[in-house]
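Below is one structure, written out as C-alpha cells, with a few remarks after it.
The values are calculated or read from the model by the stated rules, or taken from the named source; none is laboratory data. Every value quoted in this text rests on a predicted model; they were computed, and no experiment measured them. Please note: Cβ atoms are built from the backbone with ideal geometry, for glycine as well, and neighbour counts cover all protein chains shown.
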Number of protein chains: 2
Amino acid sequence: MREVNIALVGLGTVGSGVYKTLSMQKERVEHKEGLTLNLKKVLALEYAIEIDESLKAKDFYTDIAADESIDIVIELIGGISPAKEFILAALKKGKTVVTANKELMAQYWPELNSAAKKSGAGLYFEASVGGGIPILRTIWESLQANEITSVMGIINGTTNYILTKMAEENQSYEAVLKEAQRLGMAEANPKSDVEGYDAMYKLSILSSMAFHARVPIEYIYREGITNITQEDIAYGKELGYTLKLLAISKRRGNTVEARVHPTMIPNAHPLASVRGSFNAIYLHGNVVDDIMLYGRGAGDMPTASAVVSDVIYAANQSSHKHTTFYNEKDASSEMSFENNWESAFFLRLLVADSPGVLAKISNILGKFEVSVASVIQKGQSEDSVPLIFITHKANELSVKSAINEISDIDEVISVANIIRVEN
Amino acid sequence: MREVNIALVGLGTVGSGVYKTLSMQKERVEHKEGLTLNLKKVLALEYAIEIDESLKAKDFYTDIAADESIDIVIELIGGISPAKEFILAALKKGKTVVTANKELMAQYWPELNSAAKKSGAGLYFEASVGGGIPILRTIWESLQANEITSVMGIINGTTNYILTKMAEENQSYEAVLKEAQRLGMAEANPKSDVEGYDAMYKLSILSSMAFHARVPIEYIYREGITNITQEDIAYGKELGYTLKLLAISKRRGNTVEARVHPTMIPNAHPLASVRGSFNAIYLHGNVVDDIMLYGRGAGDMPTASAVVSDVIYAANQSSHKHTTFYNEKDASSEMSFENNWESAFFLRLLVADSPGVLAKISNILGKFEVSVASVIQKGQSEDSVPLIFITHKANELSVKSAINEISDIDEVISVANIIRVEN
C-alpha cells in the first residue's frame with residue numbers, strides 16, 4: 001500500500017471539511033486507490049473542531065516545511081501573506097501543494113508555478129474555482145482535444161443567491177443582502193462578492209487554464225450587482241431574460257476579453273436555471289461544442305471534495321504536470337486584451353411621456369450603429385415612464401457614446417441602468 | 001517531443017470526426033502537451049471521407065495488431081463482433097485501446113479489463129457514455145474523495161429530442177418520431193433508442209464506474225418512451241413536472257438499483273431544462289453533494305472530443321490504471337440488485353364520471369400504503385374523465401398491486417399510464 005503524508009494548514013470552514021473528509025474516506029481510498037492518506041500535522045491559529053493534540057504543529061517552517069516525511073501540504077488559510085511564503089517554502093522543499101486560495105493563484109500563479117517546476121513538486125488548485133465543481137481538471141485532462149474559445153460562469157454563490165431571491169420573491173437588493181448576511185450566505189462586509197472581486201480572481205484562473213494563456217486580473221473588467229434593481233430583473237423577465245452575475249471570457253486568435261458583470265441571458269440558456277448558491281461554468285470548445293458543469297461553488301464539504309480529490313490525484317502521479325502559458329514571461333507580449341468587446345445591451349431609461357422621445361433616442365442609437373432588437377414602453381404618466389431597449393450586438397464603446405448623447409436629451413430624465421446581454 | 005502512433009478502426013460518423021480532430025488539433029497538442037499524434041493506419045469497410053491511400057489498412061491482424069510501432073488503437077466500428085476480437089488482439093499485444101463502444105463495454109467489460117490488466121495496456125472508453133461529456137474521467141479523476149450514491153442521467157439524445165418536441169410543440173409521439181427520422185435524429189429502426197436499450201448500456205457503464213461495482217445490464221430495469229402521450233406530458237406540466245427518459249441508479253450499502261424509464265422531475269430540477277438532443281448526468285456524492293455535467297451526447301465532433309482526449313490522456317500516462325470492482329468475479333456475489341425500489345408515481349386513469357369513484361381508488365391506494373400527494377380531476381363528461389394522481393414515495397411492487405386492484409373497479413375505464421416521479 002502506498003502512503004502519502006499530509007500537512008493541513010488552516011482549520012476554518014474548508015479546513016474542517018477537509019479534516020472530516022480525510023478521516024471519513026480513508027478506508028474507501030485505501031480499498032479503491034491502494035493509497036493511505038496520513039494526516040500528520042495540522043497548523044491553525046484557531047481550531048474550529050477538536051483534533052488530536054499530537055497532530056498540532058506550532059510553526060510552519062520547523063514543523064512542516066522541515067519535516068522530510070511530509071509529501072503534500074494543503075494550504076487553506078487564504079489571503080496573500082503568509083500563505084504565499086508557506087507555499088513557496090513547501091514547493092522549494094519539493095512538497096506538493098494543494099490550495100483553495102483564489103486570490104493568491106490569480107495574482108502569483110507564474111511565481112508559484114515556476115517554484116513548483118524548479119523542484120518538480122506539484123501545484124494543484126481545483127478548489128480555487130467553483131468549489132466542488134472539478135472544472136480545472138476537466139479542462140486539463142478531459143478537453144485536451146479542444147481549443148476552448150469561450151467561458152461563461154456563475155462562479156460566485158453569494159451574488160447568485162441574491163439575484164435568485166430578488167427574481168423569485170420580488171425583493172430589493174438591500175433586503176435580500178441583509179437576509180443573506182443573517183443566514184451566513186454573505187459576509188458582514190460583502191464587497192468581495194457583490195463588487196465582483198471574488199469572481200474576478202476565479203475568472204483569471206479559469207480563463208488562464210482554458211486559454212492556456214495567462215489572463216491577469218488587471219485585464220479583467222469588473223462590475224458588481226449593487227446597482228441592480230427589482231425593475232431591471234422584472235423587465236428582463238418580461239423580455240425573456242434572466243439576470244445573472246456572469247464571469248465571461250472569450251478568445252479569438254491571440255485576443256482575449258475577460259469581464260465580470262451583471263448579464264441578461266435568455267431563459268432557455270442552461271445558465272439561467274442555475275439557482276441559489278449553486279455555481280456553473282459553461283464552456284465552448286471547437287470540437288466538443290457547448291459543455292456545462294454545475295454544482296456547489298462553496299461550503300465546507302463540496303470544497304473539501306475538490307481539495308481531497310486533488311490530494312489523491314497528486315499522490316497518483318509519477319511526475320507532475322506544470323502549465324506553460326503562451327504568454328509566460330509577459331502577460332501582454334503574445335496576447336492582446338480587448339476592452340471594446342461586442343455584446344447586446346439592455347437599456348433602461350426614464351423618460352418624459354411626450355411624443356417624439358422614442359424617435360430621438362432611436363436616431364442616436366442608429367448614428368452609433370447600435371440597432372434595436374426589442375423595446376418596451378410602459379404606461380402613461382405625468383412625470384416619467386420607463387423605456388426599455390434590448391439592442392442587437394454592438395461595440396461596448398459605441399453603446400457608451402450613444403448613451404452619453406442620449407442622456408443629454410431633454411426628455412430623458414435618467415439612464416436608470418445599462419446591462420449587457422449574452423445570447 | 002514524445003510521439004504516439006495511432007490506428008483508427010472505423011471511419012463512419014464518429015471515425016470521420018476523430019480523423020478531422022486529429023489533424024486539426026495536431027499542432028496545438030504538440031505545443032501544449034509536447035506530444036505528436038501520428039495517425040498511421042486507418043481500417044474501414046467504407047471510407048466516409050477521403051483519406052490518403054498510404055494510410056489504408058487491409059487487415060486488422062496483419063496491418064495493425066502485428067505492427068509493433070502502433071501504440072494506440074481507436075475502435076469505432078461498434079457492435080460486438082468483430083470489435084471485441086479486434087480489441088482483445090490489440091490489448092494482448094500491449095496496445096492501448098480507446099473505444100466508444102457502449103454495447104461492448106456494457107457486456108464484456110470484465111473480459112476486456114482483464115486482458116488490459118494482463119498486458120499493462122490501457123483501456124479507455126469515455127466516449128461510450130454521454131458523447132462529449134467527460135463524465136467517466138470526472139468520476140475517476142475528480143470525484144475520488146466521494147462515495148457516489150446516486151446517478152440520474154439524460155443519456156439518450158434521440159429520446160430527449162422527441163420528448164422536448166412533444167412538450168414544446170404539443171405534438172404526438174408518432175409525429176415527432178417521424179420528423180426526427182427525417183432529420184437523421186432517429187434511426188429508421190428506432191428501437192435501440194426509444195425502447196431504452198442505448199440508455200441501458202450507458203447506465204451499466206456509468207453506474208459501474210460511479211459505484212466501483214459492476215452493474216450488468218441483466219439487473220437494469222428498462223422501459224422506453226413509446227407509450228408516452230401528449231396528455232401525460234401536459235398533465236405533468238400542470239402539476240409542475242417535466243417528463244424525461246432518465247437512467248437512474250442508486251446505491252445504499254451493498255444494494256444497487258438501476259433503471260431506465262420515463263420519469264417526471266420537478267420543473268426546477270437542473271435536468272428539467274436539458275432540452276433537445278443535449279445530454280446531462282446528475283450525480284450525488286457524499287462529500288461534493290449534487291453535481292451535473294451537461295453537453296452534447298452524440299455527434300461526430302463532440303464524440304471525437306472524448307475519443308481524442310482519451311488518446312492524449314493515455315499517451316501521458318506512465319502506467320495505466322485498471323478498474324477493480326468490488327464484485328469483480330461474480331456481479332451478484334457482493335452486491336444485491338433491488339427491483340422493489342421506492343419512488344413517487346404519476347398515475348393517469350380514465351374513469352366514468354360517477355360519484356364515489358375517487359373514494360374507491362383512494363381506498364385501494366391507502367390499503368397498499370400508497371399515499372397521494374396531489375390529484376387532478378378534469379371536467380365533466382358522459383363517457384369518461386381523466387383522473388391524475390401524484391403519489392408520495394411508495395414501493396414499486398405496492399403500486400403495481402394497487403393498480404391491479406384499481407383496474408378491476410367497474411368505473412375505471414382504463415389505466416392510461418403509470419410514470420415514475422423523482423423529486
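Quick check on A:ALA304: is it assigned to a helix (DSSP H, G or I), of a type outside the set (Phe, Trp, Tyr) and modelled with pLDDT of 95 or more?
The answer is yes for A:ALA304.
Condition check: touching a helix residue (DSSP H, G or I) at 6+ places or on another chain (Cβ under 9 Å) and either buried (at least 22 other Cβ atoms within 10 Å of the Cβ) or more than 16 Å from B:ASP310 (Cα to Cα) (or both). Does B:THR21 satisfy that?
For B:THR21, the condition - touching a helix residue (DSSP H, G or I) at 6+ places or on another chain (Cβ under 9 Å) and either buried (at least 22 other Cβ atoms within 10 Å of the Cβ) or more than 16 Å from B:ASP310 (Cα to Cα) (or both) - is met.
Can you say whether B:ILE74 is in a strand (DSSP E or B), β-branched (Val, Ile, Thr), modelled with pLDDT of 95 or more and buried (at least 20 other Cβ atoms within 10 Å of the Cβ), as far as the supplied structure shows?
Working: in a strand (DSSP E or B): yes; β-branched (Val, Ile, Thr): yes; modelled with pLDDT of 95 or more: yes; buried (at least 20 other Cβ atoms within 10 Å of the Cβ): yes.
Yes; evaluated as a whole, the condition is true for this residue.
Find the residue count for segment A:399-423, including only residues that are touching a strand residue (DSSP E or B) at 6+ places or on another chain (Cβ under 7 Å) and part of a helix (DSSP H, G or I). Steps first, answer last, please.
Quick first cut of segment A:399-423, residues touching a strand residue (DSSP E or B) at 6+ places or on another chain (Cβ under 7 Å) only: A:399, A:403, A:406-407, A:411-423.
Right, trim to part of a helix (DSSP H, G or I) and you get A:399, A:403, A:406.
Of the residues in segment A:399-423, 3 are touching a strand residue (DSSP E or B) at 6+ places or on another chain (Cβ under 7 Å) and part of a helix (DSSP H, G or I).
Would you point out the residue of segment B:247-275, among those that are within 20 Å of B:ILE228 (Cα to Cα), surrounded by fewer than 23 Cβ atoms within 10 Å (Cβ to Cβ) and not hydrophobic (A, V, I, L, M, F, W, C), that is nearest to the other protein chains (Cβ to nearest Cβ)?
Ranking the qualifying residues of segment B:247-275, first place goes to B:SER273.
So, in segment A:359-388, of the ones that are in contact (Cβ under 8 Å) with a residue 40 or more places away in the chain and of a type in the set (Val, Ile, Thr), which residue ends up farthest from A:ASN340 (Cα to Cα)?
A:ILE376
Restricting to strands (runs of 3 or more DSSP E) lying wholly in segment B:185-290: which have 2 or more residues that are touching a Pro at 6+ places or on another chain (Cβ under 9 Å)?
B:241-252, B:278-285
What are the residues in segment B:117-142 that are surrounded by fewer than 23 Cβ atoms within 10 Å (Cβ to Cβ), facing chain A (nearest Cβ under 7 Å) and part of a loop (DSSP other than H, G, I, E, B), if any?
Matches in segment B:117-142: none.
Taking into account only those residues within segment B:143-161 that are within 12 Å of chain A (Cβ to nearest Cβ) and in contact (Cβ under 8 Å) with a residue 40 or more places away in the chain, which is farthest from B:TYR173 (Cα to Cα)?
B:ALA145
Looking at segment B:24-71 only, could you name the residues that are within 14 Å of another protein chain (Cβ to nearest Cβ) and touching a Leu at 6+ places or on another chain (Cβ under 9 Å)?
B:GLN25, B:LYS26, B:VAL29, B:GLU30, B:LEU37, B:LEU39
How many of the residues in segment B:276-317 are more than 7 Å from chain A (Cβ to nearest Cβ) and among the basic types (Lys, Arg)?
Counting residues in segment B:276-317 that are more than 7 Å from chain A (Cβ to nearest Cβ) and among the basic types (Lys, Arg) gives 0.
So which residues in segment B:64-81 are touching a residue at least 40 places away in the same chain (Cβ under 8 Å) and not polar (S, T, N, Q)?
Listed by number, the residues that qualify are B:ILE64, B:ASP67, B:ILE70, B:ASP71, B:ILE72, B:VAL73, B:ILE74, B:GLU75, B:LEU76, B:ILE77, B:GLY78.
Right, A:GLY94: outside any helix (DSSP H, G or I) and touching a Ser or Thr at 6+ places or on another chain (Cβ under 6 Å) or not?
Criteria met by A:GLY94.
Results for (1) at pLDDT 95 or above; (2) over 12 Å from the mean Cα position of the chain (by Cα), shown as yes or no for each residue.
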{"site": "A:SER204", "(1), (2)": "yes, no"}
{"site": "A:ALA210", "(1), (2)": "yes, yes"}
{"site": "A:ALA213", "(1), (2)": "no, yes"}
{"site": "A:GLY224", "(1), (2)": "yes, yes"}
{"site": "A:ILE233", "(1), (2)": "yes, yes"}
{"site": "A:LEU246", "(1), (2)": "yes, no"}
{"site": "A:MET292", "(1), (2)": "yes, yes"}
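For segment A:318-352, name all the residues that are within 14 Å of chain B (Cβ to nearest Cβ), among the β-branched types (Val, Ile, Thr) and surrounded by 15 or more Cβ atoms within 10 Å (Cβ to Cβ).
A:THR323 - this is the single residue of segment A:318-352 that is within 14 Å of chain B (Cβ to nearest Cβ), among the β-branched types (Val, Ile, Thr) and surrounded by 15 or more Cβ atoms within 10 Å (Cβ to Cβ).
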